[in-house]
Amino acid sequence: MSHEALHVQHLHPMPTEAQLAGELRFKVVGRLDTHDMPRPVSGRKVRLPWVSIAVLAIIALGCLLANIIAPGDASYMDLASPAKAPCAQYPFGTDMMGRSIFAMIWHGGRVSLLIGVLATALSTVIAVVYGTVSGAGPVWLDTLMMRVTEIFLSVPSLLIVIFLQAILGPANVVSISVVLGVTSWPTIAKVVRTEVRQLRQSEYVVASRCMGGGFMHVLIHHFAPNFLSSIMFMVVMNVRGAIASESTLSFMGLGLPLEIISWGSMLSNADRALLTGAWWIILIPGLFLVVTLVCMTNIGNALRGEVNRGERNL
Amino acid sequence: MTRKNWIPYLIKKLAIFLASVLALSVIVFAVSRLSPGDPLVSYYGERTEKMSPAERRQTMERLGLNAPLTTQYVRWLEGALRGEFGISYKYKQDVLDVIAARIGNTLLLGLPGFLLTFVLALLLGILCAWREESWLDKIISKAGTVLSCVPEFWLSLVLILFFSVIWRLLPSSGAYTIGKENDIGDRLRHLILPMAVMILSHLWYYAYMIRNKLLEEIRADYVLLAKSKGLSRGQILFRHCLRGILPSYISLMAISVPHILGGTYIIETVFSYPGIGTLSYESARWKDYNMLMVLCMLTGVVIIFANMLGQIINERIDPRIRASEGLEVPTNEP
């Protein structure tokens, strides 16, 4: 953005009848030099965590290029060398079934990240529509819809997930994304609803509606630009949450089966690895998982912005 | 709130509580019956496959599994009101007996873990706020963020790997060594790892909250006043600032119950700890309907009760909060 802004002089604090009749409301008097103007001290500042972004980008790139980094079938079982410690042939060792952990990390990372993104995309769409309807709707509908979210929030999501998973039958990437997506929307929906509730009486929304703007039009052009910044943090956190939930479920045997490689399902036969002390089977996929989650948390926290608190009195 | 309003208030809360529990029971019942999977398998195991269709029908009849859902629900509810929840298909025992044998273990792990988490989080939060922006605060904050990202199951695996498998210091599973059921020391040794996971994975979320609330609090004007009166930093922090945030912390403890409970269930499963969590997991996997229903109801009732308690505390602290405005429920994010 340019450092210069058009300097407009407000002629009248309130529109008079003459203005409403079409008279000029602002007079352009020249360019305003913003260099010397004091920047606002309070408020939230976004400082991007470049290290986290870089690490996450490397992991994501590695997963995208999995076929180049580790060509061949990642689920190929070298039955002659199960649970082999890291060596030249297998940089990260092999698991109990003789599969190369190095190849599985990159191929499995695709699945884990994809589930995170898919689940979050779904939950964000649900949350935005739900929150907008609740915020823009009549009071009784709003109360009812917010009650539903509270009930939803008070049940441990793991229970709902297990139930839904049981109904949908054997898990695959899409079904587990759907399950995680439909269970993680309430927090975002609440924020969207609050923002919409504040905005819906503002002049431009009323004007837009008067001119015939439909629900989707108002949502996309007027509500979304306002609540996007406040939900970005939660969206990133939801990606993180979905990846963590997928790994927990797959580990417990309630998520992806062993054949569909993800960072979670790689850990699902960890108990047998524990008995033999094969640390690489447990530590390596987990480290990738945790590093990804930490990077996402840092990015999410940065998006939320730092609070400038000012001097302490103590 | 005046004394006169107490009774209608309590009655209203009780009514909401009962309505929630009833709604919960309908949902849990419907979902558990609609989900696929053969409950006969959990009852008879492999033998189910050898049953003739006629035998199957008879068995379903005897167990009351082929009546319409509404009839099954009413039958279940009648039994529940008399304290009969049926028998576990898997354990072939009264559901309540199986639960009773294990609930002590869960309480033994859960209650001290829950309290320790909140006490340690409080201390850590105070320490960070006291030394704000110092290297100590920064290191703890960074370490805390990383720790709060580690999934509970993986933290459990790593601790088991190091403490049980590699260093052979602590037991990796169960609640006691067989033959040492009454040895307190042995039981405590089995509790160390699960409880460590429980505390470590939740600690920072709450400590961070305390830290931020305290940082807001020590910027209030009354702190200046107290300082000018000659109070020491410690006196101001502990007598005034802390007092301002404690009530909301206590209500937060109540609201956090579902969050921590969910985590405990995972931890119990990883450590094969014979508690309610492992039991829930098993009954979900083996379609042990009666057991699953009672466990879900039990969990749900605890959660509804805890939420309500948090709401009541919040309303007492700040009368402006009306029940309809709801509460902030903690999520996984710090």
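The values are calculated or read from the model by the stated rules, or taken from the named source; none is laboratory data. Because the structure is a prediction, the values reported are computed rather than measured. Because the Cβ atoms are built from the backbone with ideal geometry, glycine has one as well, and the counts that use them run over all protein chains shown. Heads up: the accessible areas ignore ligands, DNA and RNA and are worked out on the full protein's heavy atoms, side chains in. Shrake-Rupley method; radii C 1.70, N 1.55, O 1.52, S 1.80 Å.
Alpha carbon centre of segment B:119-147 versus segment A:256-314: separation in Å?
21
How much accessible area per residue does the protein assembly as shown have, counting only protein heavy atoms and a probe of 1.4 Å, in square angstrom?
Solvent-accessible surface per residue comes out at 51 Å².
Would you mind calculating the gained length between B:S272 and B:L77 on full extension (0.36 nm times residue separation, minus the Cα-Cα distance), in nm to one decimal?
67.0 nm
How large is the translational diffusion coefficient of segment B:96-288 in µm² per second when you combine the Kirkwood radius over alpha carbon pairs with Stokes-Einstein at 20 °C and 1.002 mPa s?
115
Going down the table (A:K190/B:K287; A:K190/B:K138; B:K50/B:K92), which pairs top 27 Å between alpha carbons?
Beyond 27 Å between Cα atoms: A:K190/B:K287; A:K190/B:K138.
Would you please put B:187-200, A:281-294 in order of how densely packed they are, using the mean number of other Cβ atoms within 10 angstrom per residue and starting with the highest?
Per-residue Cβ counts within 10 Å, averaged per peptide and sorted highest first, yield A:281-294, B:187-200.
Can you tell me how much longer the chain between B:R57 and B:R168 gets when fully stretched, taken as 0.36 nm per residue apart minus their C-alpha distance, in nm with one decimal?
Contour length minus the Cα-Cα distance gives 34.7 nm.
Considering only C-alpha atoms, what is the centroid distance from segment B:225-294 to segment B:166-215, in Å?
Distance between centres, Cα-based: 14 Å.
R0 = 35 Å: FRET efficiency of B:D186 with B:K92, Cβ-based, nearest 0.05?
0.75
Give me the percent relative contact order of segment B:179-285, please, defined on Cα pairs under 8 angstrom at least 6 residues apart.
26
Any idea what log10 I(q)/I(0) is at q = 0.10, 0.12, 0.15, 0.16 Å⁻¹ for segment B:220-319, Debye with uniform C-alpha scatterers and no solvent?
Evaluating at q = 0.10, 0.12, 0.15, 0.16 Å⁻¹ gives log10 I(q)/I(0) of -0.48, -0.60, -0.73, -0.78.
Full-extension gain between B:R239 and B:I16, please, as 0.36 nm times their residue separation minus the C-alpha to C-alpha distance.
Between B:R239 and B:I16, full extension yields an extra 76.6 nm.
Considering only protein heavy atoms and a probe of 1.4 Å, how much of the accessible area of segment A:172-314 is carbon and sulfur, as a whole percent?
Exposed carbon and sulfur together represent 63 percent of the surface.
Decide, for chain B, between rounded, prolate and oblate: order the square roots of the alpha carbon gyration tensor eigenvalues as a ≥ b ≥ c, take rounded if a/c falls under 1.5, and otherwise choose prolate if a/b is larger than b/c, else oblate.
In terms of gyration-tensor shape, oblate.
Once every Cα of segment A:104-313 carries one equal point scatterer and solvent is ignored, give the base-10 log of I(q)/I(0) from the Debye formula at q = 0.07, 0.08, 0.09 Å⁻¹, two decimals.
-0.28, -0.36, -0.44
Which of the listed residues, A:L113, A:W185, A:N313, is farthest toward the dipole's positive end in segment A:104-313, when Lys, Arg count +1 and Asp, Glu count -1 at the beta-carbon?
In segment A:104-313, that residue is A:N313.
Residue by residue through segment A:277-283, which ³J(HN,Hα) values in whole Hz follow from phi under the Karplus form 6.51 cos²θ - 1.76 cosθ + 1.60 (θ = phi - 60°), with glycine and proline marked x?
Ordered by residue, 3J(HN,Hα) equals x, 7, 4, 5, 5, 8, 6 Hz.
Starting with the highest mean, order A:175-188, B:221-234 by the number of other Cβ atoms within 10 Å, averaged over the residues of each peptide.
A:175-188, B:221-234
Given Cα pairs under 8 Å that are at least 6 residues apart, what percent is the relative contact order of segment A:104-313?
28
Could you tell me how many degrees, from 0 to 90 and to the nearest 10, lie between the Cα long axis of helix B:276-285 and the main elongation axis, the longest principal axis, of the Cα atoms of chain B?
It works out to around 40 degrees.
What ranking, highest mean first, results for peptides A:260-269, B:111-120 when packing means the other Cβ atoms within 10 Å averaged over each residue?
Put in order of decreasing packing, that is A:260-269, B:111-120.
Using a simple charge model, +1 on the beta-carbon of Lys and Arg, -1 on the beta-carbon of Asp and Glu, nothing else, what dipole does chain B show about its Cα centre, in debye to the nearest 20?
It works out to roughly 740 debye.
Mind checking the mean number of beta-carbon atoms from other chains within 10 Å of the Cβ atoms in B:153-166?
5
Please compute the average number of Cβ atoms from other chains found within 10 Å of each residue's Cβ in peptide A:293-300.
3
Averaged over peptide B:140-151, how many Cβ atoms belonging to another chain are found within 10 Å of each residue's Cβ?
Mean inter-chain Cβ contacts per residue within 10 Å come to 4.
For the pair A:A85 and B:F305, how long in nm is the line joining their label points, each one 7 Å along Cα→Cβ?
5.2
Output the relative contact order of chain B, whole-number percent, from Cα pairs under 8 angstrom with separation of 6+ residues.
Relative contact order, chain B: 26 percent.
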